[in-house]
Amino acid sequence: QVQLVETGGGLVQPGGSLRLSCAASGSLFSSSLAGWYRQAPGEQRKLVAIITSRGSPKYAESVKDRFTISRDKNTVSLQMNSLKPEDTAVYYCNAHGFDYEYWGQGTQVTVSS
């Protein structure tokens, strides 16, 4: 089993930066595909970025060149730069494998002046 706890959300002005962190517990995490998803009001949850157990990242087109995902043994992080109002959403940490999937509780990111 994997438990995921996100921290780092908040209010930031357009053009600003935030760093989200997700602390993971459980033996499965190190071999999991880990990632960040987001859900804006009235919209479906969407992929933001994922990273393999070996550290290979992939990004949604909308955040490429602005966001950076990274991981170590017990954490997956998302560095968000040049934030835009359309980045406003609840951000969720995710870890999954062949036959399992776990989610964090979510953290709110609001980009507004």
Seminar exercise, completed: Computed for region 10-113: size of charge dipole around the Cα centre, +1 on C-beta of each Lys and Arg, -1 on C-beta of each Asp and Glu, debye to nearest 20, value 200 debye
For this session: Lys and Arg at +1, Asp and Glu at -1: add these up for the other residues within a Cβ distance under 15 Å of residue 52 and post the number.
Result: +3
For this session: Restricting things to alpha carbons, find the Rg to Rh ratio for region 10-61 using the Kirkwood radius for Rh.
Result: 1.02
Problem set entry | Amide H partners (placed H, <5 Å) of residue 88, local residues excluded | 111
Exercise. Using all Cα-Cα distances in the chain, what percent lands in each 10 angstrom bin from 0 up to the longest?
Worked result: 16, 51, 29, 5, 0
Exercise. Sorted by mean Cβ packing within 10 Å, highest first, what order do the peptides 101-107, 60-66, 17-23 take?
Worked result: 17-23, 101-107, 60-66
Seminar exercise, completed: Yeah, region 74-113 with a ≥ b ≥ c from its alpha-carbon gyration tensor (a/c under 1.5 is rounded, else prolate when a/b outruns b/c, oblate otherwise) is prolate
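Read the figures in this text as sums done on the coordinates, not as results from a lab. Computed from a prediction, not measured in an experiment: that's the story for all the values here. Every residue, glycine as well, gets a Cβ built from its backbone with ideal geometry; the counts of neighbours run over all protein chains shown.
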